[in-house]
1. Within region B:498-520, take every residue that is in contact with a Phe, Trp or Tyr (Cβ under 6 Å, 6 or more places away or on another chain) and more than 14 Å from chain A (Cβ to nearest Cβ) and give me the one that is surrounded by the fewest Cβ atoms within 10 Å (Cβ to Cβ).
2. Can you name every residue in region A:195-225 that is under 15 Å from A:T85 (Cβ atoms) and in contact with an Asp or Glu (Cβ under 7 Å, 6 or more places away or on another chain)?
3. Could you pull out every one of the strands (runs of 3 or more DSSP E) wholly within region A:91-160 that has 2 or more residues that are touching a residue at least 60 places away in the same chain (Cβ under 8 Å)?
4. For the structure I just gave you, tell me whether B:I182 is in contact (Cβ under 8 Å) with a residue 24 or more places away in the chain and either acidic (D, E) or within 25 Å of B:Q463 (Cβ to Cβ) (or both).
5. Restricting the search to region B:309-331, which residues are assigned to a loop (DSSP other than H, G, I, E, B), closer than 19 Å to B:E454 by Cβ and not acidic (D, E)?
6. Does region B:474-493 contain at least one residue that is touching a Ser or Thr at 6+ places or on another chain (Cβ under 9 Å), assigned to a strand (DSSP E or B) and either within 14 Å of chain A (Cβ to nearest Cβ) or of a type outside the set (D, E, K, R) (or both)?
7. Given the criteria surrounded by 21 or more Cβ atoms within 10 Å (Cβ to Cβ), under 23 Å from A:R264 (Cα atoms) and in the same structural domain as A:T83 (by the TED database), does A:K171 qualify?
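The values are calculated or read from the model by the stated rules, or taken from the named source; none is laboratory data. Just so we're clear, the structure is a prediction, and the values are computed from it rather than from any experiment. Here Cβ is always computed from backbone atoms with ideal geometry, including for glycine, and neighbour counts include all displayed protein chains.
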Amino acid sequence: MALLNPNLNLRLPLTAPSQSQQQLSWRCNVAVAPTNLGTRLGFGSPLSTCFRVRCNAAAQAVNVAVGSGTPVRSTNILVVGATGTLGRQIVRRALDEGYDVRCLVRPRPAPADFLRDWGATVVNADLSKPETIPATLVGVHTVIDCATGRPEEPIKTVDWEGKVALIQCAKAMGIQKYVFYSIHNCDKHPEVPLMEIKYCTEKFLRDSGINHITIRLCGFMQGLIGQYAVPILEEKSVWGTDAPTRIAYMDTQDIARLTFIALRNEKMNGKLLTFAGPRAWTTQEVITLCERLAGQDANVTTVPVSILRFTRQLTRFFEWTNDVADRLAFSEVLTSDTVFSVPMGETYNLLGVDSKDIVTLEKYLQDYFTNILKKLKDLKAQSKQTDIYF
Amino acid sequence: MSSAAAATTANTALYSNTRFSSELLASSINAFSKTHFTTCSNSLRPKRNTRLILVPRASPPSDSAKSTEDSGKRKRKKKSDDGNGGDGEEGEDDDNRLQLSLDDVNPVGLGRKSRQIFDEVWRKFSGLGQISRTSRTDDEETLFIREGPMCEFVIPGAQNTTVLVVGATSRIGRIVVRKLMIRGYLVKALVRKADQEVVDMLPRSVEIVIGDVGDPATLKAAVEGCNKIIYCATARSTITGDLFRVDHLGVYNLCKAFQDYNNKLAQLRAGKSSKSKLVITKFKSPSSLDGWEVRQGTYFQDVVATKYDGGMDAKFEFTENGEAVFSGYVFTRGGFVELSKKLSLPLGSTLDRYEGLVLSVGGNGRSYVLILEAGPLADPSQSKLYFARISTKVGFCRVRVPFSSFRPVQPDDPPLDPFLIHTLTIRFEPRRQKPVEVNAETKQDLRSFKLILEYIKALPTGQETDFVLVSCSGLGIEPSRREQVLKAKRAGEDSLRRSGLGYTIVRPGPLEEEPGGQRALIFDQGNRISQGISCADVADICVKALHDSSARNKSFDVCYEYVAEQGKELYELVAHLPDKANNYLTPALSVLEKNT
């Protein structure tokens with residue numbers, strides 16, 4: 001809604017009476033006319049209107065008296081998107097390092113019990129309902145935001161409107177640090193809606209004046225398990241593209257570890273960091289590696305990138321398949337031979353991390369396969385026993 | 001095929017709701033597009049689905065709506081697979097097909113299936129257009145995240161280890177509980193009252209036991225089923241009564257309850273486990289008394305001794321009612337009588353694999369001195385003597401004497417090496433006897449004694465610590481109460497050391513509430529530390545110590561790294577930065593002295 005209603009003043013329902021006089025006037029000026037920043041949000045088909053968005057966080061309007069009252073302990077953190085692949089590792093890491101972790105989770109019939117089992121506190125709120133946010137931020141020192149909308153829902157509800165509301169709210173409630181995860185190269189691919197939204201959010205965060213760290217990520221190793229490793233073990237077909245794109249996958253556990261190192265380093269405030277794995281891999285290379293480690297060949301179903309692109313173009317013609325098109329938008333990136341990787345040496349130095357401690361993809365997958373194959377062996381041994389007894 | 005089936009099994013129940021659709025999916029793709037796609041061929045063969053199912057420990061988080069929707073179907077499918085899985089008879093196969101086809105006719109089911117097929121194709125297809133999105137089903141996380149191999153913190157075997165955390169709501173305890181949970185341990189928490197506030201503070205799947213360390217009766221239930229104990233409770237005030245109850249008596253009570261529970265277990269598994277004791281002597285027949293000799297002696301070697309000679313006598317005999325009784329009197333001042341035997345252990349057993357003795361004895365409640373003679377067998381002149389005092393009760397009791405409690409008779413001798421022990425002596429002397437209060441009428445003569453011996457056994461040693469106690473270094477306590485606090489804490493430590501349990505005593509500097517793992521730590525023995533330490537680091541040490549053999553039977557101080565003061569830098573202090581890559585605890589502790 002922030003996008004569609006020009007000059008909308010988002011008013012947050014703040015509970016503290018002292019704050020109620022100060023209206024929040026975070027303005028997201030949305031104008032059809034081209035502007036200098038010119039990030040192009042390509043929602044909708046090419047035929048529909050293209051918005052040009054300028055993020056204009058009016059920082060001068062908000063100077064809530066922070067510092068009076070009970071000081072918030074720096075170990076109180078809120079993790080947004082805690083049930084996700086990265087989020088849960090952040091939560092585990094935080095708990096292990098002794099933080100008091102609160103997780104913002106969408107209300108759902110079966111709540112995220114595993115977070116509670118680990119010792120985190122779960123609070124229910126929905127980023128797409130801004131009125132639910134402020135209560136969750138009470139007593140929080142640092143917000144770690146690793147939320148991304150689910151694939152099946154419209155991309156801008158959570159990723160844009162929700163994030164804007166969250167950042168505004170965090171600012172208004174005096175959150176002392178905000179960690180935001182973005183995507184590497186998001187500034188170079190405005191044609192991909194998710195990346196464009198991330199880029200806009202980065203800018204919005206910067207303009208908001210809140211104490212923040214932005215971390216751009218490349219790809220998660222954990223994602224490769226479901227995509228390649230499991231299908232190979234099950235002798236099912238593996239779907240891959242022939243794209244030349246290389247991605248420097250990184251272990252989410254390493255990301256979590258580095259995040260907390262960065263979080264505690266005051267020099268990192270306001271910085272834009274990019275975390276990348278030790279080496280960039282193409283899809284084909286990953287599949288070959290999995291095959292070697294699993295000791296069996298995969299049934300590879302190679303889908304040419306051109307088909308993906310074609311499907312995207314096709315789906316963009318229809319209003320009701322727009323979300324579909326958005327999800328395929330990454331194929332635009334795939335066709336270029338972009339490398340999703342950055343040299344990490346400087347970051348390591350900055351954070352004081354030894355590059356030897358960062359897990360490589362070979363090591364990660366090898367661990368996975370050794371473990372899983374061992375487990376399979378155990379299961380087989382067990383199954384023989386059950387054959388005898390039953 | 002078999003490996004495929006097995007692979008499926010590994011991921012098991014996780015996939016049972018999607019497997020069906022993906023098989024159909026493969027076949028459908030096969031049908032409509034052979035040009036671009038190569039597909040797997042084993043699609044529609046009836047797959048032998050094993051009965052082995054990795055049951056997730058807790059119900060899979062979230063997604064229950066979906067699973068209830070599917071569960072009916074899943075059950076049906078499982079049932080048919082079971083029938084099929086047995087031996088694959090033709091008749092049964094036919095039955096299955098009939099069942100499946102009946103299902104297939106159902107229009108609702110058809111619709112659902114086709115939707116599933118489409119979803120699956122779409123998931124895979126659109127997955128290609130993603131950068132790093134992971135579409136993980138919620139079931140999968142059980143395998144990969146909670147218990148699986150891909151989890152950073154999970155410790156192998158943690159699922160079979162139950163840890164009792166005492167003081168689970170304390171500053172350290174809270175973090176200890178969380179750390180244990182993410183490592184996959186089963187955790188019990190001892191709390192005094194199960195208030196809502198307390199319950200909310202603990203992770204949901206922690207088993208809460210209500211009890212008080214000051215009340216031994218309530219501890220029985222707490223230690224039930226526990227393998228390890230982490231004690232991070234501390235008195236809430238510095239009132240002497242509180243200190244005594246929590247820091248001293250509490251530790252004593254808990255050690256006792258835990259030891260009782262362990263002994264009960266060992267009895268159940270007699271002779272089977274590596275934890276069973278080694279029988280040194282069992283006095284069950286007259287012949288079992290062979291080799292024991294009774295001796296007399298005095299501490300005064302000179303002529304003066306004769307002046308106080310009141311006479312002494314002792315005998316060791318096997319009575320008619322089947323008891324081996326060592327009895328007698330010592331009226332001579334400075335005199336003693338003793339019962340001694342050269343030990344002959346079963347072949348292949350050496351006492352260095354044991355950590356103490358346990359005696360089952362009865363009698364009239366005198367105290368005795370146990371003396372061990374250790375040295376090379378070939379050369380008796382090199383033998384050294386070590387002693388430990390034991391007290392008995394009226395009636396039967398068991399006395400545990402860890403080897404670590406034996407002190408050399410000559411103070412300069414090295415500590416006892418159990419490997420070299422060759423002679424065991426039980427000595428009675430009238431000195432330092434306390435009267436026993438049984439019936440006041442009967443006049444007790446503390447110079448006479450009666451000791452009924454049932455058995456002497458050696459306690460097996462363990463690799464790991466059983467009891468981690470968080471004590472304190474005394475820094476940061478208000479000076480006026482420091483004495484009392486330390487006294488209670490030290491008394492608690494002592495009762496733990498005497499218990500014979502494998503122990504680790506951590507004495508942190510003043511606690512700070514900040515994230516752990518940031519600064520190097522110093523491990524030291526001897527009360528020299530001067531810095532604070534974060535609660536999270538203490539918690540980390542506690543959790544790591546559970547499985548670290550170098551932490552067993554050690555006490556140490558720990559604090560943040562600091563630059564030693566002038567003149568004190570001679571001491572070797574070991575600093576270690578806690579990190580994922582290294583296990584800092586082992587190298588840090590391996591240089592520290594044992595049995596401290």
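1. Across region B:498-520, the extreme among qualifying residues is B:L501.
2. Residue satisfying the conditions is A:M221 alone.
3. So the answer is A:142-145.
4. Against the criterion (in contact (Cβ under 8 Å) with a residue 24 or more places away in the chain and either acidic (D, E) or within 25 Å of B:Q463 (Cβ to Cβ) (or both)), B:I182 qualifies.
5. If the condition is that a residue be assigned to a loop (DSSP other than H, G, I, E, B), closer than 19 Å to B:E454 by Cβ and not acidic (D, E), then B:T319, B:N321, B:G322 are the ones that fit.
6. no
7. Against the criterion (surrounded by 21 or more Cβ atoms within 10 Å (Cβ to Cβ), under 23 Å from A:R264 (Cα atoms) and in the same structural domain as A:T83 (by the TED database)), A:K171 qualifies.
Results for (1) under 26 Å from B:V401 (Cβ atoms); (2) over 23 Å from the mean Cα position of the chain (by Cα), shown as yes or no for each residue.
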position: B:I505; (1), (2): yes, no
position: B:P508; (1), (2): no, no
position: B:E514; (1), (2): no, yes
position: B:R519; (1), (2): no, yes
position: B:D524; (1), (2): no, yes
position: B:I529; (1), (2): no, yes
position: B:G532; (1), (2): no, yes
position: B:H547; (1), (2): no, no
position: B:K554; (1), (2): yes, no
